[in-house]
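Below is one structure; the comments refer to it alone.
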Amino acid sequence: VIHAPVRLRICAALEPVREIEFGALINLLGISKSALSKHVSVLADAGYVTQRRGVRDTRQRLWIGLTDTGHTAYRGHVAALHQIVGRGK
Amino acid sequence: MFQVNWKNLEFFLDDDPTPLRFRHGNSRVADMETGGSISAAEASAALASVRGSRARVAWTGYPRWYWLTTGAGFAAMPLATLLPTWLGVVLIALVAVLVARSAVVVGRARGVCEHWNRAAMRWQEVTLLYVPAVVVMMAGSFGKEIAWWLPIPAAVIVFVLFAGTGLMLTRKRSALRPTTRPTTDSTR
């Protein structure tokens, strides 16, 4: 689930913060709205991210955050990547 | 919801290209994330993209005025020592409120909600940004005992150090473009 490049970058962006707004995540990752929506849905189905609707400046915004399961899976994945890189040296 | 036991984290890395396998107490997560194959080059590229994403979250979206006003706020600290004590305390309190308020406003404008106890910036970046300014701020404040005018150049240096470092790091880190890596990307 996480290893797909865009989803890995989504998790990497969400890991150090509480939540990121959908529009801000588009700018950070440099991908289209539909692509981000698709990847976030996959992560949400896996229980890795939460989506919360909130209102700011009279406009509804979608805030995305990593769940505890998402944190665990992401850290495990990054740890595994570090192991692989370490073995390759 | 899920019980995770980090002590059970295991890696199975015997084949080449290395299977990306980890298993821990949460069997559902382990099942979902186990079984793929990945080369060291691909893993290295993935880690680079992870670092790039973190850096962009930490530094992208800060407006120029944030660094300038926060730098000016920090620069006011040594200058407060030149004022009568009560006025200095009032000034410091006002500046602290303004700096905290501007951080909240900027966070909302950036669309990034950070934790109160930790941020996306790495500790090295936090050290580079704050420590030199704080050291000069303290030196300038205590330097008043040596010469009354010392807090003035200290304030200028604090402003230049903080605003300059903030502006430079924002520009540098924001310039990191999202990276792609050679792999079979999918939306599966």
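The values are calculated or read from the model by the stated rules, or taken from the named source; none is laboratory data. Keep in mind that this is a model prediction, so the values were computed, not measured. All Cβ positions, even for glycine, are placed from backbone atoms using ideal geometry, and neighbour counts span all protein chains on display. With ligands, DNA and RNA removed, areas are computed over all heavy atoms of the protein, side chains included. Shrake-Rupley method; radii C 1.70, N 1.55, O 1.52, S 1.80 Å.
Tell me, please, whether a residue that is touching a Ser or Thr at 6+ places or on another chain (Cβ under 7 Å), acidic (Asp, Glu), closer than 30 Å to residue A:47 by Cβ and modelled with pLDDT under 90 can be found in region B:20-41. No, every residue in region B:20-41 fails to be touching a Ser or Thr at 6+ places or on another chain (Cβ under 7 Å), acidic (Asp, Glu), closer than 30 Å to residue A:47 by Cβ and modelled with pLDDT under 90. When region A:6-42 is filtered for residues that are of a type outside the set (A, V, I, L, M) and within 18 Å of residue A:72 (Cα to Cα), the ones remaining, listed by number, are A:7, A:9, A:11, A:15, A:16, A:18, A:19.
Taken together, the criteria place residue A:85 among residues that are among the β-branched types (Val, Ile, Thr) and either at the interface with another protein chain (Cβ under 7 Å from one of its Cβ atoms) or not in a strand (DSSP E or B) (or both). Scanning region A:1-44 for residues that are more than 7 Å from chain B (Cβ to nearest Cβ), charged (D, E, K, R) and surrounded by fewer than 17 Cβ atoms within 10 Å (Cβ to Cβ) yields a count of 1. Within region A:1-31, can you find the residues that are over 17 Å from residue B:119 (Cα atoms) and touching a residue at least 24 places away in the same chain (Cβ under 8 Å)? Those that are over 17 Å from residue B:119 (Cα atoms) and touching a residue at least 24 places away in the same chain (Cβ under 8 Å): A:1, A:2, A:3, A:4, A:6, A:7, A:8, A:22, A:23, A:31. Checking each residue in region A:45-74 for being more than 8 Å from chain B (Cβ to nearest Cβ), in contact (Cβ under 8 Å) with a residue 40 or more places away in the chain and open to solvent by 10 Å² or more (accessible area, probe 1.4 Å) picks out A:62, A:66, A:71, A:74. Checking each residue in region B:37-87 for being within 14 Å of another protein chain (Cβ to nearest Cβ), under 17 Å from the mean Cα position of the chain (by Cα) and either surrounded by fewer than 16 Cβ atoms within 10 Å (Cβ to Cβ) or at positive phi (or both) picks out B:51, B:61, B:63.
When the test is whether a residue is modelled with pLDDT under 55, of a type in the set (A, V, I, L, M, F, W, C) and in contact with a strand residue (DSSP E or B) (Cβ under 9 Å, 6 or more places away or on another chain), residue B:2 does not pass it. Would you check if residue B:132 is farther than 30 Å from residue A:59 by Cβ and touching a Gly at 6+ places or on another chain (Cβ under 6 Å)? It is false that residue B:132 is farther than 30 Å from residue A:59 by Cβ and touching a Gly at 6+ places or on another chain (Cβ under 6 Å). Cβ separations smaller than 6 Å between residues 6+ apart or across chains give no pair from region B:155-170 residues that are farther than 25 Å from residue B:142 by Cβ to residues that are modelled with pLDDT of 95 or more and surrounded by fewer than 18 Cβ atoms within 10 Å (Cβ to Cβ).
Please find, within region B:148-188, the residue that is farthest from the other protein chains (Cβ to nearest Cβ) out of those that are at pLDDT 75 or above and outside any helix (DSSP H, G or I).
Going through the qualifying residues, I end up with B:148.
Residue-by-condition table, conditions (1) of a type in the set (D, E, K, R); (2) at pLDDT 90 or above; (3) closer than 30 Å to residue A:55 by Cβ:
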| site | (1), (2), (3) |
| --- | --- |
| B:76 | no, yes, no |
| B:87 | no, yes, no |
| B:95 | no, yes, no |
| B:101 | yes, yes, yes |
| B:107 | no, no, yes |
